[in-house]
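The values are calculated or read from the model by the stated rules, or taken from the named source; none is laboratory data. All values reported here derive from a predicted model rather than from experimental measurement. Heads up, the Cβs are rebuilt from the backbone with ideal geometry, glycines too, and the neighbour counts pull from every protein chain shown.
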Amino acid sequence: MQFLADADLSLSQALRDIHRRAVEQPIEGRVADYIPALATVDPIRCGIAFATLDGEVHTAGDAELPFSIQSISKVFGLVLAMQRMGDGLWRRVGMEPSGQPFNSIVQLEWEHGIPRNPFINAGAILVADTLVSHFSSSRQAFLSFVRRLAGSEYCDVNDEVLASETRHGSRNAALAYLMKSFGNLEAEVDEVLAHYFFQCSVEMSCKELATSLLFLANQGMHPITGEKVTSPRDAHRVNAILSTSGMYDQSGQFAFAVGLPAKSGVGGGIVAIVPGHGVIAAWSPPLNRHGNSTRGLSMITELASRLGLSIF
Ligand code: DON
């Protein structure tokens, strides 16, 4: 990889350049407002962090400000469920891209209540069901997991976002009830949704997010805590599904342009795994029509191209 030859200084410089270019462009896209509390975020916030396996975190812009991780929480939920459930999980959720928007319901009925993958809303609600069924307090387990991985006690839920998600969660409730009607949800729908809304409402900074997911760039072993979070096989599997489904119905285009396993959230965050090297986390709230951050996409695309990061 080109950037290894240039060492840390050039990585920090590249992040600063890319961040400056991104904020000089006119803002495209719109901040998510279907969860009203998300609409109050300042659209000009913009940050990027690159955590490397040696424990360094290079940053530019608002990389230390916490924001709503939203669907990025689906990665942590999936890993926690894989730790508990083993291969049985894959009988209840698939591993194929959906080609549909993240909250689509039509495919779920055609496919008898089995969500296409764990990163669309239906899939993450199914994963939440397994967590609720396996932990006495799944929300606490989720938060402890994330805090441990991020090395920060400060990651916490935003109660206002949680209340707003819960009040405006009819579409997610419809997905959960449909899966329940097919017998693919074990716990009570209210309990499952409470967990799902909770994990989406957690806030983390780019720096914390990039640090927390380092294990996915290191065959399952967190290089800072030394924790074996997943087996190398499961780290491979998570990265594979991130590559095909992490950016929703823009995953193909993202693979084409960038070539890294990645996950976005409607809070404006995007994380991208650089296997063997580190994790990039970018944040800028305005979203394109697929629900992906416009400036986040352009910063990660430019960084990957400048440093030759594509896995393909
Ligand atoms: O359930 C929802 O719709 C949100 N809490 C999360 C969706 C999301 O982040 C999709 N990401 N691009």
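So Gln83 ticks every box in (1) more than 16 Å from the ligand (Cβ to nearest atom); (2) at pLDDT below 95 but one. Which box is left unticked?
The failed condition is (2).
Which numbered condition trips up Lys228, out of (1) within 16 Å of the ligand (Cβ to nearest atom); (2) free of Cβ contacts under 8 Å to residues at least 60 places away in the same chain?
(1)
Inside region 29-86, can you point out the residues that are of a type outside the set (S, T, N, Q) and without any contact (Cβ under 8 Å) to a residue 60 or more places away in the chain?
Selection gives Asp33, Ala39, Ile44, Glu56, His58, Ala60, Gly61, Ala81, Arg84, Met85, Gly86.
Could you tell me which of the residues Ala49, Ala124, Ala32, Ala81 is in contact with a helix residue (DSSP H, G or I) (Cβ under 6 Å, 6 or more places away or on another chain), surrounded by 15 or more Cβ atoms within 10 Å (Cβ to Cβ), aliphatic (A, V, I, L, M) and assigned to a loop (DSSP other than H, G, I, E, B)?
Values: Ala49 fails: assigned to a loop (DSSP other than H, G, I, E, B); Ala124 fails: assigned to a loop (DSSP other than H, G, I, E, B); Ala81 fails: assigned to a loop (DSSP other than H, G, I, E, B).
Just a single option satisfies the conditions, and that option is Ala32.
I need every pair where a residue in region 172-189 that is aromatic (Phe, Trp, Tyr) has its Cβ under 6 Å from the Cβ of a residue that is part of a helix (DSSP H, G or I) and surrounded by 14 or more Cβ atoms within 10 Å (Cβ to Cβ), sequence separation at least 6 or different chains.
Hits for this filter: Tyr177/Val189.
Here's a check for you: in region 288-312, which residue that is within 30 Å of Ala37 (Cα to Cα) and surrounded by fewer than 24 Cβ atoms within 10 Å (Cβ to Cβ) is nearest to the ligand (Cβ to nearest atom)?
Gly291
Those residues that are over 19 Å from Pro232 (Cβ atoms) and in contact with a Ser or Thr (Cβ under 7 Å, 6 or more places away or on another chain), I need them from region 73-97; list them, please.
Pro97
I'm trying to understand the selection: among the residues of region 274-283, which are out of contact with any Pro (no Cβ under 8 Å at 6 or more places or on another chain) and surrounded by 17 or more Cβ atoms within 10 Å (Cβ to Cβ)? Even if it seems obvious, please write down each step before you answer.
In the first step, residues of region 274-283 are kept if they are out of contact with any Pro (no Cβ under 8 Å at 6 or more places or on another chain); the result is 274, 276-283.
Those that are out of contact with any Pro (no Cβ under 8 Å at 6 or more places or on another chain) and surrounded by 17 or more Cβ atoms within 10 Å (Cβ to Cβ): Val274, His277, Gly278, Val279, Ile280, Ala281, Ala282, Trp283.
Taking the stated definitions as given, is Leu178 within 13 Å of the ligand (Cβ to nearest atom) and modelled with pLDDT of 95 or more?
In short, no.
Being under 18 Å from the mean Cα position of the chain (by Cα), crowded, with 23+ Cβ neighbours inside 10 Å and within 16 Å of the ligand (Cβ to nearest atom), is that true of even one residue in region 99-106?
yes
Regarding Pro43, is this residue within 29 Å of Ile125 (Cα to Cα) and assigned to a loop (DSSP other than H, G, I, E, B)?
Yes.
Yes or no, residue by residue, for (1) crowded, with 24+ Cβ neighbours inside 10 Å; (2) in a loop (DSSP other than H, G, I, E, B); (3) in contact with a Leu (Cβ under 7 Å, 6 or more places away or on another chain):
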| position | (1), (2), (3) |
| --- | --- |
| Pro223 | no, yes, yes |
| Gly226 | no, yes, no |
| Ser243 | no, no, no |
| Gln250 | no, no, no |
| Gln253 | no, no, no |
| Leu260 | yes, yes, yes |
| Gly267 | yes, yes, yes |
| Ala272 | yes, no, yes |
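Is it the case, given these coordinates, that Asn117 is buried (at least 21 other Cβ atoms within 10 Å of the Cβ) and either at pLDDT below 95 or part of a loop (DSSP other than H, G, I, E, B) (or both)?
Considered against the rule, which asks whether it is buried (at least 21 other Cβ atoms within 10 Å of the Cβ) and either at pLDDT below 95 or part of a loop (DSSP other than H, G, I, E, B) (or both), Asn117 comes out as yes.
Among the numbered criteria (1) among the acidic types (Asp, Glu); (2) within 15 Å of the ligand (Cβ to nearest atom); (3) over 22 Å from Asn292 (Cβ atoms), which one does Asp54 miss?
Asp54 satisfies every listed condition except (2).
So, of the residues in region 144-186 that are part of a loop (DSSP other than H, G, I, E, B) and of a type in the set (Phe, Trp, Tyr), which turns out to be nearest to Ile125 (Cα to Cα)?
Phe182
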